[in-house]
1. Confirm whether TYR80 is more than 18 Å from LYS28 (Cα to Cα) and either exposed (fewer than 14 other Cβ atoms within 10 Å of the Cβ) or at pLDDT 70 or above (or both).
2. So which pairs qualify, if the first residue must be in region 393-408 and assigned by TED's automatic domain parsing to the domain that holds ARG380 and at negative phi, the second must be of a type in the set (S, T, N, Q) and buried (at least 17 other Cβ atoms within 10 Å of the Cβ), the Cβ gap must be under 9 Å, and the two must be at least 6 apart or on different chains?
3. Among the candidates VAL44, VAL93, single out the residue that is part of a helix (DSSP H, G or I), modelled with pLDDT under 75 and β-branched (Val, Ile, Thr).
4. Residue by residue through region 651-672, note down the ones that are under 14 Å from ASP641 (Cα atoms) and of a type in the set (Lys, Arg).
5. Which of the residues that make up region 657-679 are modelled with pLDDT under 90 and in contact with a Ser or Thr (Cβ under 7 Å, 6 or more places away or on another chain)?
6. Considering (1) modelled with pLDDT of 80 or more; (2) surrounded by 21 or more Cβ atoms within 10 Å (Cβ to Cβ); (3) part of a loop (DSSP other than H, G, I, E, B), say which one ILE687 fails and leave the rest.
7. Show me the strands (runs of 3 or more DSSP E) entirely contained within region 303-352 in which 1 or more residues are over 27 Å from LYS431 (Cα atoms) and small (Gly, Ala, Ser).
8. I need the full set of residues from region 370-390 which are surrounded by fewer than 20 Cβ atoms within 10 Å (Cβ to Cβ) and of a type in the set (S, T, N, Q), in order please.
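The values are calculated or read from the model by the stated rules, or taken from the named source; none is laboratory data. As the structure is a computational prediction, the values presented were derived from the model and not from experiment. Neighbour counts run over all protein chains shown; Cβ positions are idealised from the backbone, glycine included.
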Amino acid sequence: MSQKNIFGKEKKSFTPRSNTQVIADIVKSHAHDISLSTESAKLVGKAFLSIESLSASETEDLGAITNSQKTVIDGIVADYEETTGSTLTEDQVDNLSESIVIAQNPDEYYNAGAQTEPGTVVSAIGGGVDVGVVGQELATESFEVHGMMNTLAMTVSYNIRPEKQSKAVELFFPTITLDSTQNNYTIDVHLSTVFNSKEYDLGGKGDAYRNQKHVIKALRKHDILKSNFTDIVPVFRKTISEDSFVDSTLLPPYVVRTDFDEDVQTSLLKIGKEIKLTHISQTDRMVTLGMSDDTDQISANPRLKTLGLKVGNDVVLFKNLQYHQQSTFTYSPSGDREGIQLMYDVNTHLVNADTIGEISQALPTELKALKDKKLEALLRFDISGRGNTDLGIVTLNAAAVQVRAVRNAETKEVLSMENADVKALVAELEKTSIVGYEVDATRTNSNLREHGLLLDDRVQRIIYGVKLHSPIAIRRPIDDKDTVSDSQRIDSLIRLSFIRRTNAGVSAIYDILNMLKSQPQQLDTAEPFNYTSVGVGQWFARTYVKDVELDVYKTCQSLTTSDRLNNVSSVMTNYILGEMTQAYCSSELAAGYELTDIGGSSFRPHVIAIADAFTSKFIFREGDARTLGDGFDFTIEECSDERLVLDEHGQAKDGEIGTIFLSFGKPRNGSLSVPLWFGNTLDKREIPRIVSRARGSKYQHETMVQPWFSHICHLPVLVRIKVTGLKRSIQERLNFQVTNEVIQPATAAAAAAVNGVPAAPAAPGVGG
């Protein structure tokens, strides 16, 4: 109660009313409209436990109660704005509304917190020894509520505060406040994967996993979506199909691996022979599943892919010809509708000193002049062919190889054909011949023999619970005549809770760092649904953790004292840019961002950082375009926790030791359909209890609150930079690194010039 003078007026005081007291008084002024009947309060308590358990009539009654409360809330908001001249934010109004409801039946509200869904993850990150499931002590001990309206007013004033943790912790763990009826936080992630069809063995001894690949990672790894299931691969089978291939003594068969993980022996097809391509392209797997038949066709426009040039007893391959405009088979202008033809006449096939024979793996002996005489030759290959896509046949014929030009390999000058070296080379080249080829062809799959890659869509769910921490209480004898009011005690509890939650957030960052360091790095799993790390980010990014040290004193250089501050800042920001660019790429987060509904070209990854108070002052701040360039948004907040400046002996050394924690935060521009930022703080509104408790022959007046929060991690990407030598770099003279190099002048004239003396003219007849 305020003190008054003899005339009944309040004494003047320099102690202003706190915001807590202002809100509490306003709420008390609406006491009659806020208070619910006993039955209504019970109904509200039942809704906390499960809204689905309400009957139709109860649901209707609950709606009526909610509507009546909305009118009261509007009145409280208006009174607050009139009293303070300030406007409540949308989040504050939500806190006001929810607080009025939960305070009507606090026991059921806390009981609801003990209810968890199956599979709920109650994370211990950042809790430490502070965590203790207290449960419902307030309900089991003999407490007498000290004024229901007082408790209600304090609940509103306690929860309406906008900040519940420091800016540094809020940057890494933005707060999500759960509704009064929400006991758990659920994240559903839609995952799309692809995999190859797999046949199981009868004995059940094969691998059950499908080797599924996350579609998100396909932007990073091109082979995930590579699908060549209908490729025609001729199979070399001794005595069965070998007559369709180049002589194996000239070009031994080689092995290729199909998309079905099947090793197939193949080689170049023989020039001048009709090849039944669909016949000889049946792999062992295809034979097991069913022989090809007349429903299997070659798809339109196959292409010439490889040519084999016989040079002596070796073969030189000319590859990747399928991209040449003349390599495509076209439909015949007349005759069978499925008939195809090839006219490949190209005079730019190059042979030089780098030409390799397939058998010798070196320059063929016949062509050694290419190296010895530094020559290169342009060859003309004239290939004609025909085939039929329905019948699956193809035939190619080759004209004699022609030498179109010979050039100097260094100057690219075209040499005369009459040149002796050129004549000798041309004579050897004209002995060569095209002996084999490879066709880039696929089956039409009109009979649906192959189904290619299979797409599998699944939803992965993580359910987080919110921890109820051990309580914080302020206690005094009930007959204490001090002037500290309950609202002032609530102010103290707010500050204590703020510090406690902030400390827990910093602890969480250290705990996550140590956890990630203990896990396998750069891990790829066969099954993307296995929990390999933390949070939803495990399905979109690789675990990436880096713990490094930056000695600013040894790294920074400066010519003038005036530039020293900018140079020190540049050293740190450049180092941060390098580390976070590496983290962005190595974690494969870039692909994850690209395919998760970014929402516009203005999106930029948001690098977040916290640093100790000393170090943070020397890092360029938000709004400075030089900070991390145009590729990243950047926000840094300072942190007062001494753990960031401790040495190995536990001594705090501001300026001598510093710490920067870095990760990726919520985007400023655009949006993500999944939380691909570092983490969040899950928050439940708390109820301060103002109670009187019997202790022997005395009563204690207590103001108590039980914090209710959890720090959770979504993205397993974290970098810690230990900063040393920063204070020395600012205050001490920097040693400028200079490399001395002695250069010997080539002439006396040059020596004189070096020394700044003009050289004397050389005597006649001297020099050279």
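1. Values: more than 18 Å from LYS28 (Cα to Cα): no; either exposed (fewer than 14 other Cβ atoms within 10 Å of the Cβ) or at pLDDT 70 or above (or both): yes.
Judged against the criteria, TYR80 is not a match.
2. Qualifying pairs under 9 Å: ILE393/THR278; VAL394/ASN388; VAL401/THR432.
3. Criteria check complete, one pass: VAL44.
4. Hit for region 651-672 is LYS653, nothing else.
5. Passing the criteria: ASN669, GLY670, LEU672, SER673, VAL674, LEU676.
6. So the condition that ILE687 fails would be (1).
7. 339-351
8. Scanning region 370-390 gives SER384, ASN388.
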